[in-house]
Structures are given as C-alpha cells and as structure tokens.
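First up is the structure itself, then whatever we jot down about it.
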Amino acid sequence: MERQTGTGMLAVMTPPLPLVERKQRQARQRIIDAARELFLERGFDGVSVGDIAERAEVGRTTFFRHFGDKQEVVFAKEQELLDTITAARQADGTPAPRNATEAVEQLRPIVLALCAQATADPQDYTRHFQLIEQHPELRARDAVKTQQIADKLSELLIHRGSDQATARFAAQIAIACYQTAKSLGNNPRTLADQTQAAFSRALTLGTGTAQTQPEPPGSE
C-alpha cells in the first residue's frame, strides 16, 4: 500500500482481477462507450436501452446488471468518483479532524483529486455537461449525484472519527467549493484551480484575512 503525497487519496496495490470480473468490466465499458456514441448521433431522447445494448453487443439483462436505466449510463463517471471515495475510506489512516476547519482542509485534496479525475479527458467532460444541460431530468440526476458525493465525503470524515455535524458541514462546504468552480464556466482545464481558489476563500472566512483571489489562468 502506498500513500499519494499531496492528494489525500491512497493508491492501493491490488492483484490482477479474475477473468470473470475483467469481462464484466469490459462489458460495462462497452455499454458506456456505446451510449456515448449513440447520444452524440441521435440525442439522448432518441436512444433506448435496447439501442445501447445492441450497439454494445450485450443483452438487456447485462445492461441492467450494470445500470438501472439509461440516465445512469450518463453518470458512469460520477459513479467512478463515488467508488474512488469509498476506496480511499477503506484504505485511510488519517486521524480525525479537531474542528470544522481541519475537516474542510482534509477534504480539499480529495475534492481536487476528484476534479482531476473527472476532467482527465477535457473534451469528454465538456460533452458530458453539454448533454446534461439539455435535459431537465439529467440536471435533476446530476444534483442527486453531487449530493451523493457530499454524503460519501461526510462518511469518510465520520470514519476518521469526526462527529456527524462537523462531517456533514465540512462536506457541504467542500461541495460548495466545487459547485462554485462549476458555475464559473465549468471549464475542465481550470476546474481544479478554481475549486482550489474557492477552498482558499472558504478557509479564510472569519479570520480577517479573506481577500479576492486572482482568476486562474485561462479561466476566461
């Protein structure tokens, strides 16, 4: 097991996956890729679960083994982020924060790591949110996924020994920093920097040192 410096996340060495699990992951990825292609070709409303399964060369049963509906395929990346937080919690040895400020500080590197993971493919990230913005039902599901991430962050702090009130407060502050960055154009190339700037603002509130932060390069 090896701790990643500066991220607050843990990199855990794992043995090769069994053949059955590798095949399941390959099928899941084919479904995601097929859905992405079809949504680009026909639009979200013009694609059915059957269309996705056919393009991915899997049965409907296999589709529903991985996803509850076609909306869930759109949020496959968000599920990966949730899984990342869960893995970090399971391999975590960080002591409990002593107060709310420390709790937010502990979440900052984790949220920044999630930003980097989400925007690893900037073009895919941009297409993802363009699709979400076009459909009210996807915007609603996006809000649910964002709250689920906040809940996972809260659970991580509680696992470290934080009290529930502090953990939930810190998680909501952390998500607000991310949401602030999204509202400033949601540029994948500056999302992490703008999230970092929002954390810096939040962590100086009430200290008398809060000040206007310069915009990250390329944010316009």
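Values in this text are rule-based calculations from the coordinates and carry no lab data. Note that this is a predicted model, so its numbers are computed, not measured. A quick note on method: Cβ atoms are made from the backbone with ideal geometry, for glycine too, and the neighbour counts reach across all protein chains shown.
A 18 angstrom limit on the alpha carbon distance is what I want to check against. Which of 70/145; 77/182; 23/152; 70/152; 145/182 exceed it? Spell out each step's value before the answer.
Numbers: 70/145 15 Å; 77/182 16 Å; 23/152 28 Å; 70/152 23 Å; 145/182 14 Å.
Over 18 Å Cα-Cα: 23/152; 70/152.
Are there chymotrypsin sites (Phe, Trp or Tyr not before Pro) in region 88-191 that DSSP puts in a loop and that have at most 11 other Cβ atoms within 10 Å, and which ones? Provide the component values of the computation, followed by the final result.
Numbers: sites: 125, 129, 169, 178; in loops: none.
Those that pass, being in a loop and sparsely packed, number zero.
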Out of the trypsin sites (Lys or Arg not before Pro) in region 94-152, which ones are loop residues according to DSSP with at most 12 other C-beta atoms within 10 Å?
98
Where nothing but the Cβ of Lys and Arg (+1) and of Asp and Glu (-1) is charged, how large is the charge dipole of region 75-204 around its Cα centre, in debye to the nearest 20?
200 debye
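Where the only charges are on Cβ atoms (+1 Lys, Arg; -1 Asp, Glu), what is the dipole of region 10-69 about its Cα centre, to the nearest 20 debye?
On the way: 10 positive and 9 negative charges, 65 e Å.
Charge dipole of region 10-69: 320 debye, to the nearest 20.
Could you give the size of the charge dipole of the chain about its Cα centre, using +1 on the Cβ of each K and R and -1 on the Cβ of each D and E, expressed in debye and rounded to the nearest 20?
On the way: 26 positive and 28 negative charges, 74 e Å.
Approximately 360 debye in magnitude.
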Projecting the Cα atoms of 26, 161, 200 onto the charge dipole of the chain, where Lys and Arg contribute +1 and Asp and Glu -1 at Cβ, the residue farthest towards the positive end is 161
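With a cut-off of 8 Å between alpha carbons and a minimum separation of six or more residues, what is the relative contact order of the chain in percent?
Details: 211 pairs, mean separation 42.7, N = 220.
Contact order relative to length: 19 percent.
By its C-alpha gyration tensor, with a ≥ b ≥ c as the square roots of the eigenvalues, how is region 10-69 shaped: rounded for a/c under 1.5, else prolate for a/b larger than b/c, else oblate? Mind dumping the intermediate values first?
Numbers: a/c = 2.86, a/b = 1.99, b/c = 1.44.
Prolate, because a/c is 1.5 or more and a/b exceeds b/c.
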Taking the dipole of region 37-154 about the Cα centre (Lys, Arg +1; Asp, Glu -1; charges at Cβ), the one of 86, 39, 66 that reaches farthest to the positive side is 86
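If you stretched the chain out fully between residue 51 and residue 204, how much longer would it get, using 0.36 nm times the residue separation minus the C-alpha to C-alpha distance?
Numbers: separation 153, 0.36 × 153 = 55.08 nm, distance 5.08 nm.
50.0 nm is the gain from fully extending residue 51 to residue 204.
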Contour excess over end-to-end distance, with Cα ends at residue 121 and residue 179 and 0.36 nm allotted per residue
19.0 nm
Stretchable slack from residue 147 to residue 186, in nm (0.36 nm times residue separation minus alpha-carbon distance)
12.3 nm
Mark the label point 7 Å from the Cα of residue 100 along Cα→Cβ and return the residues of region 149-190 whose backbone N is within less than 11 Å of it.
165-173
Which helices count as membrane-span-like in the chain under these terms: full DSSP H, at least 18 Å along the axis by C-alpha, Kyte-Doolittle mean of -1.0 or more?
19-42, 76-90, 100-118, 136-160, 164-183, 191-204
Roughly what would the spin-label model give for residue 24 and residue 80, points 7 Å off Cα along C-beta, in nm?
1.9 nm
